[in-house]
Amino acid sequence: MRWVSIQKEDFVVQKEYEKLCSGNAQDGAIVFFVGRVRDVNEGDDVYTMTLEHYPGMTEKALHQIIDRACAQWQLTRVNVVHRVGTLAPSDQIVFVAVSSPHRHDSFDGAQYIMDYLKTEAPFWKKEHTDQGARWVSSRDSDSEIVKQWQSKE
Amino acid sequence: MNYFTLKFFAKLREEVGVSELDIPCSEVTTLSSLTDYLVSKHPQWASFLDGQLLKAVNHQMVSGDVTIKAGDEVALFPPVTGG
């Protein structure tokens, strides 16, 4: 089972977590990650952040990442929620959760999905800071992490 | 005449000042020739289009060259920064 949602609304972690647990006695290991808006980036105060995405491509890209993760690890359930629109510091941006019988599959699967989401899913952040508005630059370190996964695949 | 759709996103969309264009298939037949065509039509875009842009055809990221057909949806955008 899997859930993929691109939404403006906030999500409730407990509710998203329960999707992995409900009626699921076979999985002993659930790992989830929550990404949040930070109040400072590159030394400047962040007031708000606007998240843009590519409707139509975003969900497809996420499903492809999840497909590849499920082919590598025993992931019974996957739940990805990503918000778009305008967010403020401490707001939740993303939720990635997986369930598996055992923890190593869950840890690796969740990290894989999150790492590829950062480099392949068409989302873009624009920060509104005390120095003005600017588009967030991609990080070379994110690309390097993906290369490490590619060398294992 | 047959066209394909070109979409721009995020910083690139703001730089070129347009989110979507219809491009005649008679003018551009491959992804690799798209940038040269855009610069020939809009010389002021040259500096925005020479960066590290990602390309997608019909919602699929493409790293090499592909043929573009009528009705395709092509997109150009900066490296992604979600999560």
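The values are calculated or read from the model by the stated rules, or taken from the named source; none is laboratory data. Note that this is a predicted model, so its numbers are computed, not measured. Don't worry about glycine lacking a Cβ; one is built from the backbone with ideal geometry, like all the others, and counts go over all protein chains shown. Accessible surface is based on the protein model in full, side chains and every heavy atom, while ligands, DNA and RNA are left aside. Shrake-Rupley method; radii C 1.70, N 1.55, O 1.52, S 1.80 Å.
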- Message: Condition first: within 11 Å of chain B (Cβ to nearest Cβ) and open to solvent by 20 Å² or more (accessible area, probe 1.4 Å). Now tell me which residues in region A:44-56 satisfy that.
- Response: A:Thr50, A:Glu52, A:His53, A:Pro55, A:Gly56
- Message: I'm checking my understanding of the structure. Among residues of region A:115-151 that are closer than 19 Å to A:Val40 by Cα and assigned to a loop (DSSP other than H, G, I, E, B), which one is farthest from the other protein chains (Cβ to nearest Cβ)?
- Response: A:Asp130
- Message: Criterion first (free of Cβ contacts under 8 Å to residues at least 12 places away in the same chain and away from chain A (no Cβ under 14 Å)) does B:Ser32 satisfy it?
- Response: no
- Item | Tally, over region B:10-30, of residues that are touching a Ser or Thr at 6+ places or on another chain (Cβ under 8 Å) and either in a loop (DSSP other than H, G, I, E, B) or open to solvent by 50 Å² or more (accessible area, probe 1.4 Å) (or both) | 4
- Message: Regarding region A:89-109, can at least one residue be identified that is more than 14 Å from chain B (Cβ to nearest Cβ) and within 18 Å of B:Thr81 (Cα to Cα)?
- Response: yes
- Single match in A:Ser143, A:Ser138, A:Ser100, A:Ser90 (criterion: within 16 Å of A:Tyr17 (Cα to Cα), over 11 Å from the mean Cα position of the chain (by Cα) and not β-branched (Val, Ile, Thr)): A:Ser100
- Query: Quick one: how many residues across region A:1-43 are surrounded by 15 or more Cβ atoms within 10 Å (Cβ to Cβ) and either under 14 Å from A:Ser90 (Cα atoms) or in contact with a Ser or Thr (Cβ under 6 Å, 6 or more places away or on another chain) (or both)?
  - Reply: 10
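Consider A:Glu59 carefully, then state whether it is open to solvent by 40 Å² or more (accessible area, probe 1.4 Å), acidic (Asp, Glu), within 14 Å of chain B (Cβ to nearest Cβ) and over 17 Å from the mean Cα position of the chain (by Cα).
In short, no.
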- Item | Qualifying residues in region B:38-83 (those that are assigned to a helix (DSSP H, G or I) and surrounded by fewer than 16 Cβ atoms within 10 Å (Cβ to Cβ)) - the one nearest to the other protein chains (Cβ to nearest Cβ) | B:Ser47
- Item | Filter result (open to solvent by less than 40 Å² (accessible area, probe 1.4 Å) and touching a helix residue (DSSP H, G or I) at 6+ places or on another chain (Cβ under 7 Å)) within region A:124-141 | A:Trp124
- Among the residues of region A:62-83 satisfying the criterion of being open to solvent by less than 20 Å² (accessible area, probe 1.4 Å) and in contact with a His (Cβ under 8 Å, 6 or more places away or on another chain), which is farthest from B:Gln60 (Cα to Cα)? A:His82
